[in-house]
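Down below is the structure, laid out as structure tokens.
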Amino acid sequence: MKKVTHFCAGILLIFALICGFAVDEPVTVYAAAGTFVQPYADMIGQGGYIYYIRTSETDGSCGIWRMKVATGKASKVVEESGTIVKMAVCGQRLYYTAPNDNSGWEVRSCRLNGDDLQTVCGGVVCYANSENIYCIRTVNETQSRLYVKNIATGKNTSIRTVKAGQVLDYVGTVGNDSYYYIYDGKTDKLALYRLHTATNQLIRIATEKRVVEDSNAVFQVSDVRQIDGELYYNFGSYEGSGNFWNGTIKKLTVDGKKKTVAKLVSDDQIIFGSRELYFTNPTGNNYKYNLKTGKKEQYSLKFEENISYTILGDKTYMADTSDRKKIVISRFTSGTDRETLTKGFISIPFKQKSGVSYGVSLRQTGIYKMVCVIGRDYTDVSYGWRGKLASIDWFITGDAGTLLGSFR
């Protein structure tokens, strides 16, 4: 499922794990004008490569590219005339979802370099392992189905079918278990399910009702995480013209009890460090939840122009774009207002364009740490409060504190 990142009180919060460093001027792999690697799109780091989806704003076409991190060389793996919505790598093959000629979706597969392209099955790929591919496809106008396809035999086995008025979607995978939810429009409730890949049995583990009253937005589960044997899940809906997340985080304890961790959560991902879980509410207030005691505390993050915060486990990274020639990222202890601050932990040479405003986010992709810089032009009022997308630049970093490459 695509995850959308939101601004809250002017502060961008995206969560991952990252190390910091000072870097030299990077060499960027450029794309044609009007093509972008969006921050919400799938990105995979595996086998010394970064796999990413590049989308054309002009004609809607998409391509999957890969960059060899050691050399900085990028090459196109596959190209599609329509949207690519999901990617998965298993072994020496890449699986992805693209539209077919009948206005539906199908799963396609190729070798990691793009050779041996073939159509695998209908639907959207959710998860793949060495033996099976798990997909959701539309059976007819009233039914959708979760099924598994055995890679060796090609046999399809149905796991669960839902009818009209119900929504079935994939949430994520934890260890050998993958998680799905089913929303029922008649009852306006959803159920969270666990699928153990060894048995392919779908088991309901929680049921929830909508919290936001008079909402017509899709009611869904956005994320699942397992921490110290307890399963945390985030459910809710994207609301308003800004598509802002309004969620609730709950957990299932080891003995099977369900407990509420946080309400009115504006982050659609579950973010945690070694001792605490972190979240923000719609008014921009920041909270930390002690994983051991269950105690919740509010803490402050100072709001400043040109500053954005990214919580990355036990450290929070503060990106400053006030210098038009470089981006400076400092870090401090998460859950505090800049305690143990290390100034200038990352410094990236970056020339900003006049009339464009820039925001910085960070994410983890495999063993690599990514810095994403998005530029928006707010001078053209026809684009509204969102502004016109001007540029998206990505910087690949490693654990040793070296800039390994960049692309856009």
### Query
By accessible area of protein heavy atoms, probe 1.4 Å, what ranking do GLU80, GLU141, GLU304 get, highest first?
GLU141, GLU304, GLU80
### Summary
For the ARG376, LYS209 Cβ pair and Förster radius 41 Å, calculated FRET efficiency rounded to 0.05 is 0.65
### Message
Can you compute the modelled spin-label distance between TYR383 and GLN201, with each label point 7 Å from Cα toward Cβ, in nm?
### Response
5.3 nm
## Note on the structure
Rounded to 0.05, the calculated FRET efficiency for the beta carbons of VAL167 and SER61 at R₀ = 30 Å is 0.60
### Among GLY154, GLY256, GLY175, residue whose mean-square fluctuation peaks in a GNM of the chain (springs only between Cα atoms under 10 Å)
GLY175
### Summary
Restricting to Cα pairs under 8 Å and 6 or more apart, the percent relative contact order of the range 89-136 works out to 30 percent
#### Entry: Simple label model, 7 Å out from Cα along Cβ direction - ASP314 to LEU264, nm
3.2 nm
### Query
Taking Cα pairs under 8 Å and at least six residues apart, what relative contact order does the chain come out at, in percent?
15 percent
### Query
Using alpha carbon centroids, what distance separates the range 252-272 and the range 319-376, in Å?
29 Å
### Summary
Applying the gyration tensor rule to the Cα atoms of the range 203-331 (axes a ≥ b ≥ c; rounded if a/c under 1.5, else prolate if a/b exceeds b/c, else oblate), the class is oblate
### Task
Specify whether the C-alpha gyration tensor of the range 280-408 places it in the rounded, prolate or oblate class, a ≥ b ≥ c being the square roots of the eigenvalues: rounded for a/c under 1.5, otherwise prolate if a/b is larger than b/c and oblate if not.
oblate
### ASP42 accessible area, assembled protein chains, probe 1.4 Å, Å²
40 Å²
### Message
Straight-line reach only, C-alpha to C-alpha below 26 angstrom: list the lysines that LYS292 could link to, leaving out same-chain residues fewer than 8 apart.
### Response
LYS250, LYS251, LYS257, LYS258, LYS259, LYS263, LYS315
### Task
Please compute the net charge surrounding ALA390, taking Lys and Arg as +1 and Asp and Glu as -1 over other residues with Cβ under 9 Å from its Cβ.
+2
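The values are calculated or read from the model by the stated rules, or taken from the named source; none is laboratory data. Predicted model only: the values in this text are computed from it and were never measured. Glycine gets a Cβ as well: all are built from the backbone with ideal geometry, and neighbour counts include every protein chain shown. Each accessible area value is taken on the protein alone, full model and side chains, heavy atoms only, with ligands, DNA and RNA left out. Shrake-Rupley method; radii C 1.70, N 1.55, O 1.52, S 1.80 Å.
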